[in-house]
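Enquirer: Here it is, the structure, as structure tokens.
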Amino acid sequence: MIQVVVWYSTLFLILLLAGVFLWVAIQSKQKSDYAPVIKKWYKARSVYGILLVILMLVVSIYTLRELPFNKPAYVKGEEITTVNAEAFQFGFELDKKEFSVGETVEFNVTTRDVTHGFGLYDPDMVIIGQTQAMPDYTNTFYVTFDKPGTYEVLCLEYCGLAHHLMKEEIVVK
Ligand code: CUA
């Protein structure tokens, strides 16, 4: 959904920008006094600046209000499953890929070559956990699977030509 919105707004903004360039090109033949033009557009710039700040504030508050993400995490004393995950060009090797609903999993993530991203997506393609897969380093994150389905691990770091093909599936029953 958000991809579609981004796609159409990008297209709209590109067309808008092309329109502005076209308008400027057409208007460039016309001669006029410089002073009133400056006054008018300096004012427009201030209004634009203020609107931009307001827009960015609204977007920031809206997108960051859920931080820190209130996701089920590791509770002390709770039994957890440890999974070692190794990223490589171009895939992931996990020593366990089937889990049950309610199971809390500790992912220990590393890589055998270059840096990759390890993004865990639920069946609705909503990201529920992520960390960086770094050479000679293990990053850990916890996830409690709260619904059944097929989850996907996607690489979130551009790591080479087949980066976009780098994925693995996890099944939760
Ligand atoms: Cu691995 Cu992108």
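The values are calculated or read from the model by the stated rules, or taken from the named source; none is laboratory data. All of these numbers come straight from a predicted model, not from anything done at the bench. Cβ placement follows ideal geometry from the backbone for every residue including glycine, while neighbour counts extend to all protein chains displayed. Side chains included, ligands, DNA and RNA excluded: accessible areas come from the protein's heavy atoms. Shrake-Rupley method; radii C 1.70, N 1.55, O 1.52, S 1.80 Å.
Enquirer: Under the 0.36 nm per residue contour assumption, what length would be gained going from the current alpha-carbon distance of Val47 and Ala18 to full extension?
Expert: 8.2 nm
Enquirer: Highest first, please rank the peptides 84-96, 40-52 by the mean number of other Cβ atoms sitting within 10 Å of their residues.
Expert: Values: 84-96: 17.1, 40-52: 10.0.
Going by the mean number of other Cβ atoms within 10 Å, highest first, we get 84-96, 40-52.
Enquirer: Suppose each label sits 7 Å from its Cα in the direction of the beta carbon; what would the Asn84-Val171 distance come out to in nanometres?
Expert: 2.4 nm
Enquirer: Now for a separate question. Quickly rank 139-148, 123-132 as a protection proxy: mean count of other C-beta atoms within 10 Å, highest first.
Expert: 139-148, 123-132
Enquirer: Let me ask something additional. Tell me, what % of the accessible area of the chain is carbon and sulfur with a 1.4 angstrom probe?
Expert: About 65 percent, which is the carbon plus sulfur part of the accessible surface.
Enquirer: OK, next. How high is the relative contact order of the chain, in percent, counting Cα pairs under 8 Å that sit 6 or more residues apart?
Expert: Numbers: 274 pairs, mean separation 31.8, N = 173.
After rounding, I find 18 percent.
Enquirer: Hey, can you rank 7-17, 26-36 by average C-beta count inside 10 Å, highest first?
Expert: Answer by packing, highest mean first, reads 7-17, 26-36.
Enquirer: Calculate how many DSSP beta bridges within the chain are antiparallel, expressed in % of all such bridges and rounded to the nearest 5.
Expert: 70 percent
Enquirer: Also: In the range 90-105, which residues have a backbone nitrogen under 13 Å from the label point lying 7 Å from Thr140's Cα in the Cα-to-Cβ direction?
Expert: 105
Enquirer: So, counting K/R as plus one and D/E as minus one, what does the shell of residues with Cβ under 15 Å around Lys39 add up to?
Expert: Combined, the nearby Lys, Arg, Asp and Glu give +2.
Enquirer: Want the number for Leu11 to Ile54: 0.36 nm per residue separation, take away the alpha-carbon distance, what's left?
Expert: Values: separation 43, 0.36 × 43 = 15.48 nm, distance 2.31 nm.
Length difference between fully extended and current span is 13.2 nm.
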